[in-house]
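The values are calculated or read from the model by the stated rules, or taken from the named source; none is laboratory data. This is a predicted model, so every value here is computed, not measured. Heads up, the Cβs are rebuilt from the backbone with ideal geometry, glycines too, and the neighbour counts pull from every protein chain shown. Side chains included, ligands, DNA and RNA excluded: accessible areas come from the protein's heavy atoms. Shrake-Rupley method; radii C 1.70, N 1.55, O 1.52, S 1.80 Å.
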Amino acid sequence: MSKVKYTDAKGRIRWVRNDDIGAIVKQLGDYLIIGGYPEEHAKRYAQLAHTISRWPESVDKLSNANTLNTLPGVGGVITDYLKEIIETGTTEKFNDDQYGPPPPRSVLELTSIERLGAKTAKLLFQEHGIDSLKSLCKAAKNGELKGVKGIGPKMIETINASC
C-alpha cells in the first residue's frame, strides 16, 4: 500500500496508489467494451477511474474503513469489484463471460497505442482477430489495416512507430 501523495499541476492533492487503482479500473472498462459489454455500462468505469485518480483521500483508507461507497458511482457490486482490485490488483470481472467468452487480456495492449481506444480495439479484435500488440504490428506491416474503419494513414504510422 503506497502512502505517497503529491500535488498536481492544479494544486490538488493526489495519491500515486489512487492513480494506479484508477488505471486498473480504466483498463477494466476498456476490456469490457472490447469484450462486447454495452458501452453505456462499461463507460462508467472510465468515469470512476477518473474520480478515483483525483480523489483527495487514499482509496486504501476508504477501503479499510468500508467507505468506498462514498465515491461517486460506487455502490453495490461496483464496491465489491473495487475492493477486490484494491486488495489483489485485479478482479474476477476480467473473466466475466456474460457477453460471450472474454477476450485474452493481451487485447488491452492495443489501447496502449496513442489515440487507439477501446471501440477501435473491439473492432480490430472482433472483426480482424487482432488480439495483441504483436498481432497488430504484424497486420500493419502486412498492409492488412488499410481500409479498416477508424484506421487511417496517420494511425498506421502511429502503430508502426509503436512496434
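Taking each residue of segment 92-114 that is closer than 21 Å to residue 151 by Cα and looking for partners that are open to solvent by 30 Å² or more (accessible area, probe 1.4 Å) and part of a loop (DSSP other than H, G, I, E, B) with beta-carbon atoms closer than 6 Å, six or more apart or interchain, yields 106/131; 107/131. Filtering 3, 10, 61 for residues that are out of contact with any strand residue (DSSP E or B) (no Cβ under 7 Å at 6 or more places or on another chain), in contact (Cβ under 8 Å) with a residue 24 or more places away in the chain and basic (Lys, Arg) leaves a single hit, 3.
Please determine whether any residue of segment 129-151 is among the β-branched types (Val, Ile, Thr), in contact with a helix residue (DSSP H, G or I) (Cβ under 8 Å, 6 or more places away or on another chain) and touching a residue at least 24 places away in the same chain (Cβ under 8 Å). Yes, the conditions are met somewhere in segment 129-151. Is at least one residue of segment 76-92 open to solvent by 10 Å² or more (accessible area, probe 1.4 Å), closer than 30 Å to residue 137 by Cβ and within 14 Å of the chain's Cα centre (by Cα)? Yes - at least one qualifying residue is present in segment 76-92.
As a summary of the residue check, residue 23 satisfies the conditions (1) assigned to a helix (DSSP H, G or I); (2) open to solvent by less than 80 Å² (accessible area, probe 1.4 Å); (3) over 22 Å from residue 104 (Cα atoms) except for the one numbered (3).
Return the total of residues in segment 1-20 being part of a helix (DSSP H, G or I) and modelled with pLDDT under 95. Of the residues in segment 1-20, 0 are part of a helix (DSSP H, G or I) and modelled with pLDDT under 95.
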